[in-house]
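Working notes, structure below.
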Amino acid sequence: MQKNSVECLEIIDINNFQADLIGWFTNEKRDLPWRKERDPYRIWVSEIMLQQTRVDTVIPYYNNFMEQFPTLDDFATADEEKILKAWEGLGYYSRVRNLQSACKEVQEKYEGVVPNTPKEISSLKGIGPYTAGAVLSIAYGVPEPAVDGNVMRVLSRILSIWEDIAKPSTRKIFEEAVRKLISHENPSYFNQALMELGALICTPTSPSCLLCPVREHCNAFETGTQKELPVKTKKTKVKDVHLTAGILTDVKGRILIRKRPESGLLANLWEFPNFEYVTDLKNGQGDFLNQLMNEYEVEAIVNESLGSIEHVFSHLKWYIQIYSGKILSEVKETPRLKLVSLDEMESYAFPVSHQKMLQQFLEFKKDGLTL
DNA sequence: AAGCCGTGGTA
DNA sequence: TTACCAAGGCT
């Protein structure tokens, strides 16, 4: 089909393109909380939250986060339990731990001022090529590209770029293009406008080309190829993982919870004890009780399963068989193994899958069933 | 390069 | 229901 890269830029008039794009954004941009801000820390937080996450989802989290941690210093010095709780339900939890680690580094190395050079800001944990460009351009007015999924979709259409955007190396092609296109008078609006256009007009499945402020500059609109772009290969299917899990109470009615490992999936979040099983589910009960004894030296009895839940992640799917039961032995509590009341549980961050489990347990209890 | 890392919305 | 999508980064 078409060639990509530099010669594509000759098909559009850069100055008029910038003016049409930025003019549209100035009039039509959404009123979002982080667009009232110039504090680099606040812009930074919004960009981390927005990674792979919808605007509507982020808004309430952002507002709550800024109430709890108004300044970089407030956030950098907060307990990890607190920051995970503030992130509970947002997903990709390493984002918030990396963000705090990076904020601490800003305190120590940069006297609390977010650095404004590509080299320095890119060295901070959790700041990759996109976020570096976004913070630099939006907070500091530095003309750096901020190439996300929106920008690749929009520019693949405008410039007729047929490279597979699922390939990591493809991003560089778009960064080169943005370096040539970006407004040096207003890099902040230019970058945000490309993303806003992708979110509101130049959408994945059915772009509103007739409403597009830059359709005169768009090669895909001219040739009718907007539905074929961008080219994106699809990913493989997720892996199935089967788990048994127990909501176990002691004689005082406290519930046993444990903290997940420091790295990997849902790192450092709290959960109900659960174990992977490979055999068929015929003896899920016994399987669960054996592993509970082996790993935690806790003896318990459990009922017939009170049900199951399924939970899909980006790369795997959990099938959790849920049991409720009573703890018969003494529990040695540790920093990663606790007995807590329902009220106390409110201050711990749980994965959504385990929140769903608790819901089901409470329904089950409400129906008057024992154990 | 490709797999790991969450969740909720939508066609 | 399945599959894909949404302001990515790390290893």
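On the given criteria, is A:Glu196 assigned by TED's automatic domain parsing to the domain that holds A:Trp34, open to solvent by less than 10 Å² (accessible area, probe 1.4 Å) and of a type outside the set (S, T, N, Q)?
yes
Mind checking which residues of segment A:15-35 are under 22 Å from the mean Cα position of the chain (by Cα) and open to solvent by 30 Å² or more (accessible area, probe 1.4 Å)?
Once the filter is applied, which keeps residues that are under 22 Å from the mean Cα position of the chain (by Cα) and open to solvent by 30 Å² or more (accessible area, probe 1.4 Å), segment A:15-35 yields A:Arg30, A:Asp31, A:Arg35.
Being farther than 21 Å from A:Lys259 by Cβ, in contact with a Lys or Arg (Cβ under 9 Å, 6 or more places away or on another chain), modelled with pLDDT of 95 or more and not β-branched (Val, Ile, Thr) is true for just one of A:Glu80, A:Glu105, A:Glu111. Which residue is that?
A:Glu105
Could you say which residue among A:Ser347, A:Ser353, A:Ser341 is open to solvent by less than 60 Å² (accessible area, probe 1.4 Å), in contact with a Lys or Arg (Cβ under 7 Å, 6 or more places away or on another chain) and of a type in the set (S, T, N, Q)?
Every option except A:Ser341 fails the conditions.
Please indicate, with yes or no, whether at least one residue in segment A:328-350 is more than 16 Å from DNA strand B (Cβ to nearest atom) and closer than 27 Å to A:Lys282 by Cα.
Taking every residue of segment A:328-350 in turn, at least one turns out to be more than 16 Å from DNA strand B (Cβ to nearest atom) and closer than 27 Å to A:Lys282 by Cα.
Looking at segment A:319-348 only, could you name the residues that are under 11 Å from A:Tyr296 (Cα atoms), of a type in the set (Val, Ile, Thr) and part of a strand (DSSP E or B)?
A:Thr334
Checking the structure you have, find out if any residue of segment A:39-60 is within 15 Å of DNA strand B (Cβ to nearest atom), free of Cβ contacts under 8 Å to residues at least 40 places away in the same chain and more than 29 Å from A:Ser183 (Cβ to Cβ).
Looking through segment A:39-60, at least one residue is within 15 Å of DNA strand B (Cβ to nearest atom), free of Cβ contacts under 8 Å to residues at least 40 places away in the same chain and more than 29 Å from A:Ser183 (Cβ to Cβ).
Only one of these conditions is not met by A:Asp73: (1) within 16 Å of DNA strand B (Cβ to nearest atom); (2) at negative phi. Which number is it?
All conditions pass for A:Asp73, except number (1).
Check every one of the strands (runs of 3 or more DSSP E) wholly within segment A:203-300 and list those with 1 or more residues that are among the aliphatic types (A, V, I, L, M) and buried (at least 18 other Cβ atoms within 10 Å of the Cβ).
A:239-249, A:255-259
Which ones in segment A:68-84 are loosely packed, with under 15 Cβ neighbours inside 10 Å and over 20 Å from the mean Cα position of the chain (by Cα)?
Across segment A:68-84, the qualifying residues are A:Pro70, A:Thr71, A:Asp73, A:Asp74, A:Thr77, A:Asp79.
Restricting the search to segment A:128-159, which residues are within 6 Å of DNA strand C (Cβ to nearest atom) and assigned to a loop (DSSP other than H, G, I, E, B)?
Hits for segment A:128-159 are A:Gly128, A:Asp148.
Among the residues of segment A:136-152, how many are in contact (Cβ under 8 Å) with a residue 60 or more places away in the chain and under 20 Å from the mean Cα position of the chain (by Cα)?
Going through segment A:136-152 one residue at a time, the tally reaches 1.
Yes or no: segment A:97-117 includes at least one residue that is open to solvent by 50 Å² or more (accessible area, probe 1.4 Å), on the phi > 0 side of the Ramachandran plot, out of contact with any Gly (no Cβ under 9 Å at 6 or more places or on another chain) and without any contact (Cβ under 8 Å) to a residue 12 or more places away in the chain.
yes
Among the residues of segment A:63-96, which ones are outside any helix (DSSP H, G or I), farther than 22 Å from A:Pro351 by Cα and free of Cβ contacts under 8 Å to residues at least 12 places away in the same chain?
Answer for segment A:63-96, where residues must be outside any helix (DSSP H, G or I), farther than 22 Å from A:Pro351 by Cα and free of Cβ contacts under 8 Å to residues at least 12 places away in the same chain: A:Pro70, A:Thr77.
The values are calculated or read from the model by the stated rules, or taken from the named source; none is laboratory data. Owing to the predicted nature of the structure, the values given are computational and were not obtained by experimental measurement. Cβ atoms come from the backbone with ideal geometry, glycine included; neighbour counts cover every protein chain shown. Areas reflect the complete protein model, heavy atoms only, side chains present, ligands, DNA and RNA absent. Shrake-Rupley method; radii C 1.70, N 1.55, O 1.52, S 1.80 Å.
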